[in-house]
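Trainee: Take a look at the following structure, please.
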Amino acid sequence: MDVLYYIMKRINLISIRPVFTKSLLVTLLLPLLLTFSFRVHSQNFDNADDYYEDALLLYKKKDFSTAIIQLKNALQLNEKHLPAKILLGEAYLGSGEAQAA
């Protein structure tokens with residue numbers, strides 16, 4: 001924050017009032033932070049292994065429903081992906097859907 005404050009002060013974007021300074025910093029930083037967070041969460045998976053790895057992390061966090069979705073995506077790309085099939089069964093059991101497993 002100090003570096004950004006210094007740069008803004010050098011190019012005369014900061015006034016003397018501290019409230020204005022904080023609001024200007026928030027106004028400039030908020031779009032950058034939002035852009036970064038959307039890039040982190042919008043992942044593009046190229047193959048079944050990518051979906052499987054994501055599902056494995058979700059499974060470990062006990063987010064079974066999202067893991068099931070990712071595993072189904074993996075199996076659409078490669079229906080012979082054995083680790084995805086096994087984890088899908090375990091995810092169904094974890095979510096209480098034993099019949100689907």
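The values are calculated or read from the model by the stated rules, or taken from the named source; none is laboratory data. For clarity, every value in this text was computed on a predicted model and none was experimentally measured. Note that we place each Cβ from the backbone using ideal geometry, even for glycine, and neighbour counts take in every protein chain shown.
Trainee: Please enumerate the residues belonging to region 55-83 that are of a type outside the set (A, V, I, L, M, F, W, C) and closer than 17 Å to S95 by Cβ.
Mentor: Residues satisfying the conditions are Y59, K60, K61, K62, D63, S65, T66, Q70, K72, N73.
Trainee: Then there is this: Name the residues in region 70-94 that are assigned to a loop (DSSP other than H, G, I, E, B) and either under 15 Å from F45 (Cβ atoms) or outside the structural domain of Y52 (by TED's automatic domain parsing) (or both), would you?
Mentor: Of everything in region 70-94, those that are assigned to a loop (DSSP other than H, G, I, E, B) and either under 15 Å from F45 (Cβ atoms) or outside the structural domain of Y52 (by TED's automatic domain parsing) (or both) turn out to be N78, H81.
Trainee: Now for a different question. Hey, can you tell me all the residues within region 46-69 that are surrounded by 13 or more Cβ atoms within 10 Å (Cβ to Cβ) and outside any helix (DSSP H, G or I)?
Mentor: If the condition is that a residue be surrounded by 13 or more Cβ atoms within 10 Å (Cβ to Cβ) and outside any helix (DSSP H, G or I), then D63 is the only one that fits.
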